[in-house]
Structures are given as structure tokens and as C-alpha cells.
1. Are there any pairs, at least 6 apart or on different chains, whose C-beta atoms fall under 7 Å, with the first in region B:412-427 and part of a loop (DSSP other than H, G, I, E, B) and the second acidic (D, E), and if so, which?
2. Looking at A:V84, A:V160, A:V175, which one is closer than 30 Å to A:A206 by Cα and touching a residue at least 60 places away in the same chain (Cβ under 8 Å)?
3. Can you tell me which residues in region B:78-94 are in contact with a helix residue (DSSP H, G or I) (Cβ under 7 Å, 6 or more places away or on another chain) and modelled with pLDDT under 95?
4. From the set of residues in region B:473-487 that are more than 9 Å from every other protein chain (Cβ to nearest Cβ) and either touching a His at 6+ places or on another chain (Cβ under 8 Å) or not β-branched (V, I, T) (or both), which is nearest to B:G522 (Cα to Cα)?
5. Which of the residues belonging to region B:361-372 are surrounded by 15 or more Cβ atoms within 10 Å (Cβ to Cβ) and at pLDDT below 95?
6. Residues B:G435, B:G408, B:G371: which one is closer than 19 Å to B:C500 by Cβ and either away from chain A (no Cβ under 14 Å) or of a type outside the set (S, T, Y) (or both)?
7. Can you name every residue in region A:142-167 that is surrounded by 14 or more Cβ atoms within 10 Å (Cβ to Cβ), within 14 Å of another protein chain (Cβ to nearest Cβ) and either modelled with pLDDT under 95 or in a loop (DSSP other than H, G, I, E, B) (or both)?
8. Can you tell which of B:H523, B:H496 is over 16 Å from B:L457 (Cβ atoms) and either assigned by TED's automatic domain parsing to the domain that holds B:T450 or of a type outside the set (D, E, K, R) (or both)?
Amino acid sequence: MNRRNFLKIFALTGVGLAVKPAKSLAALVPEENKTEQAVDLVAVMGGEPDQMFRRAIAEFGGMNQFVKSGQKVCIKPNIGWDRVPERAGNTNPLLISEIIRQCFAAGASEVTVFDHTCDDWVKCYQNSGIEAAAKEAGAKVLPGHQESYYRQVELPKGKVLKDAKIHQAILDSDVWFNVPILKNHGGSGLTISMKNYMGIVWDRRAFHMKGLQQCIADVCTLDKKPALNIVDAYRVLQTNGPQGRSESDVVLSKALFVSPEIVSVDTAATSFFNQIRSMPMDVVKHLGFGEEHGLGTTDLTKLNIKRIRL
Amino acid sequence: MLRKLRIALALVAFAVLTFFFLDFSRLLPESVQVIAKIQFVPALISLSLGIVLLLLLLTLVFGRIYCSVICPLGIYQDVISRLANLFRKKKLRYKFRKARTILRWSVLTLVIITYLSGLGLVLDLLDPYSMYGRMAVHLFKPVYMAANNGLELLFTAFNNYTFYKVDIHFWGWASFGLALVSLLVVSVLAWRFGRTWCNTICPVGTVLGFLSKLSVFKLSIDHETCNQCGLCSFNCKATCIDSKKGSIDYSRCVACFNCMESCNKKGVKYLPFWKVKKTGTDKTQVKTVSGKIQAKTKTKTKTKKRIETDTDTKIEVKTINKTKTDASKREFLSVLMMSSLLMPKALAAGFRQQISSLRPLKRTVPMMPPGAGDRARFNSLCTSCHLCVSKCPGDVLQPSLLEYGVEGIMQPQMLFDKGFCNYDCTLCTEVCPSGALKTLTKEEKHRTQTGRVVFVLENCIVYRNETHCGACSEHCPTQALRMVPYKGHLTIPEPHPDICIGCGGCEFICPVRPYKAVFVEGHEIQQVAKAFEDEEKQDIVLDDFGF
């Protein structure tokens, strides 16, 4: 290398370093080259549910970061309705079975799956495909249709909801994962991770009586937080939620959002939904209430987000 | 040999049908409901002519096989008599009893008269299959469910989740009490006298008994071998063998073959009538089988006609006097009893109304299960066997009291205090043996309107508290309650009764008490719901995260 060439290269790299890459470009830069900062939220698009989860959990450093050998894990999907997976009423069964497999691979001693369903629980568990998928992956599928499965828990930080009966599978677990599906909801605008908490509670009518949006935020102040909120947006119910009337309510959107920050992951999912159908943040009021409770930020610019396209 | 075959078949039929009534976790395939469908009264009422003819033919050829092998109440009595002998030092010896012909025919007449005059209640109460059904649902099933919960407790303690807890069914004191009284009466009679119920009260027993007199195959005592030891009579649970005379009352014989097996001399034989040697029975009766049936059926229709016209009241009055029962008195008494039971409730409701600012609106027309069609049809066809009550996965179908009037006491109605009707479920319409509920496909069910939604704005949480709710709309499968923009970002339900199918999801979940903001009003005649319009399918291509 002669002196001229050396000076050329020197000048060009100087220019390159001086121009700060735009934020959207940063996502395209291989992640390994970035400075080692903890990931707050991973968003994946364009893959199958299990494939997207494998990619997302890898970004967090693998399941070992959350599940230690011998631990009891509880997974809480949304199995609220007697609907097949194509109708997007419940969390995708492929996603659930992949999470279960990863938990066992990380050394979990037991994985349980349950939901307090709205429709007849036997039919919900069957037709959602979750019971079969979970059992095949080695998990125990627990019922949630009886009050005796729930234990009274105080919620001192709650504004209007001061206590609730919480399913023992959550209370008795070492780690739990909150695995909702992103759906339109007639009452609360959207149902995502925070709204999915209503499935760990026995008396949901109390929520509606006392103010649905505030109660959703209040129950999320439960001390035992999920290790991760894993939002299934593979199929999204854009209208007539949370049940949907037909397949014309469903959009195949192939996305997944994962974060330990519940308010942030729901904010991200809301922004995503907003592209399908207008859904301003202040319609999904419980997000703001959650932020007031200190459950995370709705300002996504403050977070280290990884956006991945498969 | 015949006896053993009878016992084996009867036990299988009995066990399967009983378990079908108890089986809340749906272990049995749905095809076993065929045992409910071949029961005499439901088949007759639903005009399943094939089944009725088959049962009549079975009786005309072999005798009362229905009573010994198919009828669950009959087999139940056999089980009880058998158990009774375990508690006795000496096996009970039955004795020949005189036929209670007048009583039997009076009961049958009463059943027919009341049924034709529009009061199916008497038939519902006395149909042996339905009686047994109610016993199974209201007495045996709670025990089965409690046992399940016991096992659940035990297994779950060892981290095994094979069993799950269930709410033990209790559908009110009236249905429980009725089942208990039926159980006690039938059990006491069976314990002490064998098949007395079948041969004195049971209307099916009377009809089939009459036919079995004419049956081709009959049990008969061979007078040449008979030494009048009386063993056959001792073992006859129908108490119809007069061993001294060597005669058998075929109208009461339930073809159990106990006599045949008990005879040491092999003197009791089961033969076609032409091979029967001269016995104590009336010979002429046997000879003119076919001719007699025709004659008899003719006279039967005649009496029916007479009753219908109601002008020739002589016969009616006579029979009523004889049995000393008075339908109108019964009706009056039952109304009195029910109203005295309901009165405190009504008063309490009135009180609540005063202290609450809620609009006291509630359902006024009771809701029939899907497939019931119109009220008169449903009330006349349903025998209140409560199979649908037992099978309903949402615990929606519950026995009624006076909601349908006296003629519908105990018939199932839809109530939404425990659950709501699953959109895709058609189980009740499939299992109904009497045709009271027409079998519906899933698509037909989706359009069957059992009732229409009524929205009471003044009671709604969104209106009263100005907070988000939407519980009703959330549960609505057709969006007959649709959340529409209200103040600010609030949404409020908007009713679209045309597309409502009356599943009651909204009424079940509405959190307002005691008067809900939403309920379903029943129909006298079920309607076809308008189909909802699908959302326009948009091709949405997402290539950005949106944040």
C-alpha cells in the first residue's frame, strides 16, 4: 500500500464514521456488531410461530436465561374461546409447544398450561389445539374452571382492585410466561399481554363492575411477574374480537413480540395492530394505567428493540 | 340359558344407558344414545314408527322383552329385588297375586285422556324411561360427580391431573324431590313385591302386557311333568304364576325366564303357542291372535275418538270415579303448591326492586332449548327424561317449574345462571329421544333463534359508571350486541336482535345485579335468525412493524 492509497482509505472511513446511521438502518446492521446492551424487546416478522420464537429467544440469550434446571414453569396462553387456530381466537398451538420444548431443554422439571376460559373449557382446550400440542410437548394441562383452583392474593398497589383470586398454577410456579394473542376487543380496544392476566383470575365480573381498564392495570401489579410476555401475532383478529364471527375477521400477519416489559410489549403490539386498523394508544386505556403503575414505558424510543425479519 | 341371556343383555343395556346419563366427561361415544331412542314412550311420541313397530312386533313374538331387557326402570327393579335378597336370610318367595286389571287400565286411561286433552304431564311422570332418566340425573349423577371430585382430590395430591373437579349438579328441590319420590316408591315396591310397579301403574306395562297375551312365544307349564311344587311361582317376580292351577297371567309376565330355570322338572317351557299343550290358559285366546289384534285396535281408536269429542262423557266420568283421581284437582293442588313455593321469591324480588335503582326488567317468556320449534309442539312431545339436561355442557338446560304452565312442569328450559349455550354445540338436539328437540346441524343451529336480546341501557355499566365493559359483546358469537362509539373513547353495546340466536352469553356474563343490563326474551315459536354480514375481506400486506 502506498501513501496515496492509505490516505484515501483513511479519509473514507473518517467520512463513514462521521455520518451517523439512521435508526432504521441500524436494524439492518448485524446485531453482533452493536455494543453489548441488554435487549428490552424483540420483534420478529415473516416466519412461522415456532420459528419466530426460536429466533426471538436466541436474541435474549436463550431460554436458559429464564428457566433454570429443576424449576416449575407455568405457561399462560389465551384459550378463551371455542375456536380453531385459523379463527385466531386463541394463542397459536405451535408457539405454545415450542415454548414448552424450550423450557424442558433448559431443564424445567414441570411445565403446566392453563387458562380460565370464557366458553366451555373442555371445548376450548380441545378445539384450540393447545391441549393436544401441550400434552405432546410433555406439559401438564390444568383446568381453570373451578373456584377452588384459585387462591386469594392481595394487590396493595391496585387502585380499584385491591385483591383477586389467582390460579394456583401461577402462584406455585417458579417461572411463568404470559403468552397472549393479539386481538381486537370490544371492551378494552385490544387484548394483549395485560388483558391476558384476566385468565389467571377467578372473578372477572368484578373487573367489569369496578372499571375494566383500571382493573386490568391493577391485576398486573401482582408481585409475581412473568419472565417474558410473548405476544402471538401470527394471525390477528382485526374485527369482532375477542371471539370473531368468521375467518374474514382474521389477518395473517406473521409477527411475534417478546419482552419482559409488559406495557412496552403491548405498546409495540398496539402500534403493529394500528397498521391493520386504526387503534390509537388512548383507546387501549389500560396501557396508560399500566405506565402509571410503573409497569414499564409506552415510549418505545427509550428501549433497546431488536427488529428481525425472517 | 334364556334367563342368563336375558340378564346379560339387560345388564349391558342398563349399564350403558345409566352411564350415558352420568357421563359428564363424554367418555362414551354418542352412538350409544340409540338405547334412549328405542324406549317405548319417546319413540311413540316422536312417531318413530319403525321403532314402535319393532317394539310391538318384539312383544307380539316374544312377550314383554322390552320390560325385561330394554326398560331401564324395569331392570332397575330387578337389581333392587336382587339386592334385597342379599339382605335377607332366606330368599324372598313371591306369591301369586290377583291381577289389578281395573287399576292398570284406569291409569292407562287417565294417561291417554290427559295426554289427548293437552296435559302431557301425567305421561311424563309415569313413563318408565323418563322416570328413570330423572332418577339418574337428579340422584345418581350427583353421587357420580362427587365420587369424581373425591378421586380428583386424591390424584391431584400426587400431581396427577387425570381427573378434574366438577360442579355437582343440583337442579332445584322440585326435580330432586320428584326423582326421590319416584325412586322410593319404585324401590320399596321392588324390594318387597318384585315387578309390582310394572303391573299396576306403568302405562307401558299395561299396553305391552295386553299385547303379550297374544304373543307367539309364551312360557307355559307342562301339566304332565308339573308336580305343583310351586318353585316357579316362588321365583316369579311378576307374581303372575298360579302354580296350583298351573296357569300364567301373560299380561303380567315380563319374560324373565326365572320360572323356567327354577323348575327342577323342566316343566316350564318357552314355546310357540301352537306347540303349547292344553294348559290352564284360555285356548280360544291363543288361537285367534291376528284377528283379535285388529279388533282390539279398532276399539281402542273408537274410545279415543269418543274422548276427543268430549260429548259422550259417560266413560270418562266413570273411569275417573273409579280411580278416584281428579285431574283438575291435581292441577289445582300442584299450582297451589308451586305458587306457595314461588311466592317468597316473588316478594323478595319486589323488595329488591324498591331498594335498587336498576330497571327491573326480566325475561317473561321462557326459553325452549334449540330445535323445540313451537311451544305447543314442544310441550306435548317432551317427556322430561332430562337427558338433555344431563348432557348440556354449558349447564344451560334446567328443569322448569311453572314457566311453561302446568303441562310443561319439569320440561327443560334455557337458563343462563350457570353458563350459556355454546354456538357450535348441537348435543341436546341430537340426544333427544322423543323428537321434542328436532336434530339440528351446526349450520341450522347457527340460525335458530331461541330468543332475542333485550338491552336495558339504564342498567349498563358503561352508561351508569362511564367505564369500559363490553363483557356482553365479547361473549356474543354473532355480534348481535356490538360495541359502538360512546362518550370519548368509551364504547357501548348496540343490540341487533335480528341476528341474535339467544345463546345467552351476554346475559350470563353481564356483571350487573340483580337486574342485568342485558337478557334474552324467549319466543313462543322459535324463529330463524338473520344471517350476519361478514366483514369485507381486505388484503392487508404488512411489511413494517409500525414502531
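1. B:F416/B:E507; B:K418/B:D395; B:G419/B:D395; B:N422/A:D82; B:N422/A:D119; B:N422/A:D120; B:D424/A:D82
2. When all the criteria are applied, what remains is A:V175.
3. B:S81, B:A84, B:K91, B:L92, B:R93, B:Y94
4. In this case the residue turns out to be B:A480.
5. Result: B:L361, B:R363.
6. B:G371
7. A:L142, A:P143, A:G144, A:H145, A:Q146, A:Y149, A:K159, A:V160, A:L161
8. B:H523 is the lone residue from the list that is over 16 Å from B:L457 (Cβ atoms) and either assigned by TED's automatic domain parsing to the domain that holds B:T450 or of a type outside the set (D, E, K, R) (or both).
The values are calculated or read from the model by the stated rules, or taken from the named source; none is laboratory data. Owing to the predicted nature of the structure, the values given are computational and were not obtained by experimental measurement. Positions of Cβ are generated from backbone atoms using ideal geometry, with glycine treated the same way; all protein chains shown enter the neighbour counts.
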